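The values are calculated or read from the model by the stated rules, or taken from the named source; none is laboratory data. Given the structure is predicted, the values throughout are model-derived calculations rather than measurements. Note that we place each Cβ from the backbone using ideal geometry, even for glycine, and neighbour counts take in every protein chain shown. Ligands, DNA and RNA are stripped out before the accessible areas are found, and what is left, the full protein with its side chains, is counted by its heavy atoms. Shrake-Rupley method; radii C 1.70, N 1.55, O 1.52, S 1.80 Å.
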Amino acid sequence: MLMTGEQYIESLRKMNTRVYMFGEKIDNWVDHPIIRPSINCVAITYDLAQDPEYADLMTVKSNLTGETINRFGHLHQSTDDLKNKVKMQRLCGQKTAGCFQRCVGMDAFNAMFSTTYEIDQKYGTKYHDNFVNFLKMVQEKDLVVDGAMTDPKGDRGLAPSAQKDPDVFVHIKEYREDGIVVSGAKTHQTGSINSHWHIVMPTQAMREEDKDFAVAFALPTDAEGLYMVYGRQSCDTRKMEEGADIDLGNAKFGGQEALVVFDDVFIPNEYIFLKGEYDFAGMLVERFAGYHRQSYGGCKVGVGDVLIGAAALAAEYNGAQKASHIKDKLIEMTHLNETLYCCGIACSAEGQATAAGNYQIDLLLANVCKQNITRFPYEIVRLAEDIAGGLMVTMPSETDFKSDMKVGKNGETIGEICNKFFAGSPACTTEERQRIMRLIENMCLGASAVGYRTESMHGAGSPQAQRIMIQRQGNIEGKKALAKAIAGIK
Ligand code: SF4
Ligand code: FE
């Protein structure tokens, strides 16, 4: 059963998710002005699936049940599925200009499906069945699942088992007949609070001495012992201002990151997908990261589309749209943005079937995709700021623009003064100019910059993580052989 956005929001209310922010427990977090835009952003993934115009992209037939499901819950069955995933993410990015969060679960499903299959083949375990049963339930109920990977990691120079406090990596604290008890935390969890369930995975390859840390499982977001501390974003308290609208830049949508704490949480056997098979931790990380690096070739491109459009509007509203350097900068922004899209499509088109039958992206190309994402949005942002002008960060507040406090000699109000001096081209009202400037501010260095810039840098792995994979997958030996053959070296 596909849910609507509204039904999704109502489903969150029924959960007993424990959320802390600014040192307090937030009981009605669903309606909290700081959190709500991130919920709206996930809700879009439901609403678009209901829209006949987008149904082909947003929904798909499940290979597990034959039912129509949201693509965010799908196991990719072909390179077309992989490409449609990227296209769907670009669409969602265009509609929200933010991070819609639901992709981490989708990427975890696909990595978990193929990895559990291979673990079972080697060890005769039952993880794949556990996972397939879990995913059927997720598809049937149309749930949001967070894919939780990043641990706090403590002293980065030490292995998990050598840390002073073992809790800096999620680990098995107790083995029981009917399950395990886990302890630790996951950091920067995109969409954690807005998810119905979590899939927890190890954060890196593990060695034998780190066996207790090689663990993967699913649990409901309101499981006993689980709680979240909300991550701050730049300008977040602007959302608390009464009647806040224009100054928010993007009043409706936003992203969300949280610290997720596992305070001795019990996980029943049926939800365990990895328990001590440490030689598979690296495979799981590599596959999940690969899928999520492909994802960025869709979502960040969609957000880039909005920023390019905003920059073009800012140029028009400033009356500068005819200048040749402005036209050229818009071309450059488009070129960079579409280069990212090319990478997302290329790693999808070159995808291949895994042993379990679902499709995986080309890992080298997915890592090249993400490496470019750590760079190009910064250049796109630089050009957007160049075109917009300094007004995007010096403009008075919405309240000033609406103020009727008299200041001028002839009784002009602050609002009238602002509207007089910040008027631009006749093509727009002052308010429209304000709105576009605030949107650019929001995306380049305000709340949405979390998703567009810093997340482009560090989400799905920091740049060095991709460079290690590029080195591993780059086949330098093969390239040396090519050069030798041409040069006539035996
Ligand atoms: Fe999806 Fe992009 Fe957000 Fe990751 S950063 S969850 S791929 S929207
Ligand atoms: Fe992300």
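Less than 5 angstrom separates the built amide H of L274 from those of A216, all sequence-distant by 5 or more or on a different chain. Taking the protein heavy atoms of segment 286-479 in the context of the full set of protein chains, the accessible area attributed to carbon and sulfur is 55 percent at 1.4 Å. Each of A49, V260, Q204 was placed along the dipole of the chain (beta-carbon charges, centred on the mean Cα), and the one lying farthest toward the positive end is Q204. Phi-derived couplings, Karplus 6.51 cos²θ - 1.76 cosθ + 1.60 at θ = phi - 60°, listed residue by residue for segment 361-370: 5, 6, 5, 4, 5, 5, 6, 5, 3, 5 Hz, with x used for Gly and Pro. When you filter the GluC sites (Glu not before Pro) in segment 1-76 for DSSP loop state and at most 16 other Cβ atoms inside 10 Å of their Cβ, you are left with E53, E67.
Sparsely packed loop sites in segment 303-338 (the trypsin sites (Lys or Arg not before Pro) outside DSSP H, G, I, E and B with at most 13 other Cβ atoms within 10 Å) comprise K322. Ranking I331, I9 from most to least accessible surface, computed with a 1.4 Å probe over the protein chains only, gives I331, I9. Cross-linked pairs K87/K126; K141/K275; K164/K370: Cα-Cα separations exceed 31 Å for K87/K126; K164/K370. Each Lys and Arg Cβ is given +1 and each Asp and Glu Cβ -1; about its Cα centre, the chain then shows a dipole of about 1540 debye. Computed 3J(HN,Hα) for segment 44-54, one whole-Hz value per residue from the Karplus formula 6.51 cos²θ - 1.76 cosθ + 1.60 where θ = phi - 60°, is 4, 5, 7, 5, 5, 5, 8, 7, x, 4, 10, glycine and proline marked x.
To the nearest ten degrees, helix 463-473 and the longest principal axis of the Cα atoms of the chain are 40 degrees apart. Pairing the Cα long axis of helix 430-444 with the longest principal axis of the chain, what angle in degrees results, from 0 to 90 and rounded to the nearest 10? Tilt relative to the chain: about 30 degrees.
Given axes a ≥ b ≥ c from the Cα gyration tensor, I'd like to know whether segment 238-335 is rounded (a/c under 1.5), prolate (a/b larger than b/c) or oblate.
In terms of gyration-tensor shape, oblate.
Derived scalar couplings between HN and Hα for segment 224-241 equal 4, x, 9, 8, 10, 10, 5, x, 6, 10, 4, 6, 4, 6, 4, 5, 7, 5 Hz in order, rounded to whole Hz, by the Karplus curve 6.51 cos²θ - 1.76 cosθ + 1.60 (θ = phi - 60°), x for Gly and Pro. Measuring with a 1.4 angstrom probe and ignoring ligands and nucleic acids, H188 comes out at about 130 Å² accessible. Which of the listed residues, M88, P220, P463, is farthest toward the dipole's positive end in the chain, when Lys, Arg count +1 and Asp, Glu count -1 at the beta-carbon? Looking along the dipole axis, the top candidate is P463. Averaged per residue, the chain has 43 square angstrom of accessible surface, using a 1.4 angstrom probe with ligands and nucleic acids left out.
Close amide H partners of Y227, meaning residues 5 or more places away or on another chain with modelled amide H under 5 Å apart, are V261, D263.
Keeping every protein chain in place, order K126, K211, K239 by accessible area at 1.4 Å, biggest value first, i.e. largest first.
Largest accessible area first, the list is K126, K211, K239.
For Q360, the amide hydrogen comes within under 5 Å of the amide hydrogens of Q352, A353, T354, counting only partners 5 or more places away or on other chains and with H modelled in the peptide plane. Between the Cα long axis of helix 324-349 and the first principal axis of the chain there is an angle of about 20°, rounded to the nearest 10. The GluC sites (Glu not before Pro) of segment 187-236 that DSSP puts in a loop, and whose beta carbon has at most 14 other beta carbons within 10 Å, are E224.
Split the accessible area of segment 151-206 by element, probe 1.4 Å, and carbon with sulfur accounts for 48%. Reported to the nearest whole Å, the Cα centre-to-centre distance from segment 353-368 to segment 385-428 is 52.
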